[in-house]
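Here is the structure we will look at, set down as structure tokens.
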Amino acid sequence: MPIYASKDLMNWRLASHVFSKPSQVPQIGETVSQNGGLWAVTLRYHDGKFYAIVSYTPLSPWSVTGFLFTTTNPYDSTAWSDPLVFPLLDIDPSIFWDDDGTTYLHFSGIHQQTIDLSTGALGPASIIWTGFTTYIPEGPHIYKKDGYYYLMIGEGGTELGHHEVIARSTNISGPYTSNPANPILSNENTTSYFQTVGHADLFQDADDNWWGAALATRSGPEWTNYPMGRETVLFPVTWEAGEWPVLAPVSGRMEGWPLPKRTRHIRGSGPFLGDPDVVDFHPGEDVPAHFVHWRFPPKDAFAVSPKGHPNTLRIRPSTANLTSSAPLTGTEEMSLIMRVQTDTRFVFSIDVVDFSPKTEEEETGVTAFLTQTQHLGLGIVMLPTGERDKNGKEELGLHLRFRVTNVPSAAGKFNGSIPTAVRALPRGWEGAPIRLFVEAINETHYEFSAASVRRPKEVEVMGVAPGTILSGGDGPFTGTLVGAYATSNGGSGTTESYISRWRYQGKGQDIGNGETVPYTPFVVG
């Protein structure tokens with residue numbers, strides 16, 4: 001649950017993580033479903049305190065619990081509280097403070113009940129609006145303006161029929177009158193590159209201009225290739241006194257309110273969105289704040305610049321691999337460290353500085369990862385060479401292996417198969433760092449390759465795979481992560497991997513109509 005801060009709506013810096021330690025939400029480590037976990041956080045500020053409210057569902061079995069985190073310092077991950085836990089009838093909670101001091105909880109349905117923010121005690125729940133189409137009403141938010149309570153919700157599910165609607169009433173409990181112009185935000189039945197637009201929220205900037213933020217996928221109406229998942233989009237809103245808000249349609253290029261002067265004078269614990277990664281794991285440094293794991297990693301799996309290996313990240317292998325060496329329960333710990341893919345076109349690489357396995361199937365490598373059932377990977381792995389020593393024992397050697405995991409039960413957007421590619425490590429590569437690459441070479445495909453740092457021009461392209469493998473299925477909401485891993489693939493190997501020179505460089509953002517906006521470094525002015 002990352003929190004980002006901006007003063008100009010363009011430069012967004014990682015301020016903190018609401019959920020930063022297992023003790024806050026230990027249930028995450030036991031979540032079975034690949035897509036289970038914390039859903040749809042809402043951030044609010046009231047009387048000097050920030051509130052982050054979110055629903056937790058393991059999906060299997062279906063149940064919903066509400067979590068409310070608070071802080072007076074959103075720039076420090078350690079300042080966020082342990083959650084106030086309360087029962088929820090459905091997902092997507094939001095809170096609203098009325099003028100008389102009453103605090104209301106709203107969630108999908110569309111339900112309303114009072115909540116005591118100190119104890120979690122809830123009043124009776126009632127349905128205050130069933131929506132415009134009444135089909136999957138969710139993601140409610142209340143705004144009080146000009147004597148009206150405005151209730152804005154998402155409808156239509158999170159697929160191509162997703163849209164935003166609004167109603168208003170002079171009483172918070174209703175009855176609510178639907179806006180005659182509903183839906184107020186939708187790209188349904190259009191050819192727009194941005195689809196599934198909805199689950200919106202509204203806010204005002206320092207100049208009192210209204211803006212909206214919503215979720216959308218860069219997929220076009222085909223809705224088959226969207227490896228970055230549901231992304232946050234920003235759009236201008238006009239809201240005249242006593243009238244309904246008018247939300248600008250979401251597209252790759254939009255016009256509206258003037259943006260504030262560009263600035264990066266923003267507090268925070270992490271980098272700015274869109275900036276490249278240049279990480280060399282120097283002594284005394286921490287793991288970068290924007291790096292993430294899948295569930296909880298094994299204890300002591302990672303160490304920056306350990307003794308004898310300066311300027312490296314040590315990865316102790318997990319028994320589980322990216323698909324897990326046991327049934328896909330999502331509960332096995334993996335030595336996997338990643339960052340979010342933030343550009344439709346990018347290059348990611350690491351240097352494997354030291355990896356000397358002795359046991360078959362010990363492996364370290366790079367991945368483009370959506371879930372345990374949908375991921376791509378290129379590893380350096382110890383495998384049989386096909387030869388035997390003088391005692392007749394099968395010899396092992398280092399190999400490059402590219403493989404694709406696309407479990408049919410995930411019901412993703414890719415229905416084909418891509419064979420595993422294995423090659424013996426080229427002669428002359430031993431004894432020098434090996435650079436592993438993941439590159440989004442165009443809008444639709446990822447390329448995995450390797451090179452010896454000693455011979456950087458001798459690039460071994462190991463495989464190309466479509467982004468449809470990383471779209472939908474078991475991970476329909478979250479986007480692709482890229483990163484590094486180490487595993488024994490279910491074996492007994494314990495060889496540690498030491499990596500360095502972690503690099504991520506955005507190359508461009510596709511915004512529709514065949515247009516790609518190239519990466520441009522921040523310049524003051």
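When Leu378, Leu370, Leu400 are checked against the criterion of being assigned by TED's automatic domain parsing to the domain that holds Phe296, in contact (Cβ under 8 Å) with a residue 40 or more places away in the chain and farther than 19 Å from Gly493 by Cβ, Leu370 stands alone in meeting it.
For region 490-525, the set of residues classified as among the hydroxyl-bearing types (Ser, Thr, Tyr) and free of Cβ contacts under 8 Å to residues at least 12 places away in the same chain consists of Thr520 only.
Considered as a group, the residues in region 455-482 that are in a loop (DSSP other than H, G, I, E, B) and at pLDDT below 95 include one that is nearest to Gly412 (Cα to Cα), and that residue is Gly473. Number of residues in region 173-187 that are of a type outside the set (Val, Ile, Thr) and touching a Leu at 6+ places or on another chain (Cβ under 6 Å): the value is 2.
Region 146-213 holds strands (runs of 3 or more DSSP E) entirely within its bounds, and those carrying 1 or more residues that are in contact with a Lys or Arg (Cβ under 7 Å, 6 or more places away or on another chain) and over 22 Å from Ser471 (Cβ atoms) map to 148-155. Only residues that are loosely packed, with under 13 Cβ neighbours inside 10 Å and over 29 Å from Thr359 (Cα atoms) were counted in region 481-521, giving 6. Set side by side, the residues Thr102, Thr71, Thr133 differ, and just one is under 26 Å from Ser16 (Cα atoms) and assigned by TED's automatic domain parsing to the domain that holds Phe19, which is Thr71. Just one of the listed residues (Thr71, Thr57, Thr78, Thr31) is among the β-branched types (Val, Ile, Thr) and surrounded by fewer than 16 Cβ atoms within 10 Å (Cβ to Cβ), and it is Thr78. Here region 255-280 is the region considered, the condition is being among the charged types (D, E, K, R) and either touching a Ser or Thr at 6+ places or on another chain (Cβ under 8 Å) or part of a loop (DSSP other than H, G, I, E, B) (or both), and the residue that is surrounded by the fewest Cβ atoms within 10 Å (Cβ to Cβ) is Glu255.
Could we say that Gly139 is surrounded by 14 or more Cβ atoms within 10 Å (Cβ to Cβ), touching an Asp or Glu at 6+ places or on another chain (Cβ under 6 Å), assigned by TED's automatic domain parsing to the domain that holds Leu68 and assigned to a loop (DSSP other than H, G, I, E, B) here? So Gly139 does not fit the description; no. Please find, within region 215-252, the residue that is farthest from the chain's Cα centre (by Cα) out of those that are in a loop (DSSP other than H, G, I, E, B) and of a type in the set (A, V, I, L, M, F, W, C). My answer is Ala241.
One line per residue, one yes/no per condition, for (1) surrounded by 23 or more Cβ atoms within 10 Å (Cβ to Cβ); (2) touching a Pro at 6+ places or on another chain (Cβ under 6 Å); (3) modelled with pLDDT of 95 or more; (4) farther than 30 Å from Gln27 by Cβ:
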position	(1), (2), (3), (4)
Met338	no, no, yes, no
Ser349	no, no, yes, yes
Ser356	no, no, yes, yes
Thr359	no, no, yes, yes
Phe369	yes, no, yes, no
Gln372	yes, no, no, no
Leu376	yes, no, yes, no
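Residues considered: Phe281, Phe272. Of these, the only one that is assigned by TED's automatic domain parsing to the domain that holds Thr367 and either under 22 Å from the mean Cα position of the chain (by Cα) or in contact (Cβ under 8 Å) with a residue 40 or more places away in the chain (or both) is Phe281. Within the option set Trp257, Trp239, being among the aromatic types (Phe, Trp, Tyr) and modelled with pLDDT of 95 or more holds for one residue only, Trp239. Taken together, Pro310, Pro298, Pro283, Pro288 contain a single residue that is modelled with pLDDT under 95 and either part of a loop (DSSP other than H, G, I, E, B) or farther than 30 Å from Val233 by Cα (or both), which is Pro298. Pairs please, first residue from region 421-435 and in contact (Cβ under 8 Å) with a residue 40 or more places away in the chain, second anywhere and of a type in the set (Phe, Trp, Tyr) and buried (at least 16 other Cβ atoms within 10 Å of the Cβ), Cβ atoms under 6 Å, 6+ apart in sequence or on different chains. Pairs found: Ala421/Phe402. Counting the residues of region 202-234 that are among the charged types (D, E, K, R) and either more than 28 Å from Tyr143 (Cα to Cα) or surrounded by 18 or more Cβ atoms within 10 Å (Cβ to Cβ) (or both) gives 3. Counting only strands (runs of 3 or more DSSP E) that fall entirely inside region 1-117 and contain at least 3 residues that are farther than 30 Å from Gly412 by Cα, the qualifying elements are 13-17, 37-46, 49-57, 65-71, 84-87, 94-97, 103-107, 111-114.
The values are calculated or read from the model by the stated rules, or taken from the named source; none is laboratory data. Being a predicted model, the structure only gives us computed values, none of them experimental. Methodologically, a virtual Cβ is constructed for each residue, glycine included, from the backbone with ideal geometry; neighbour enumeration extends over all protein chains shown.
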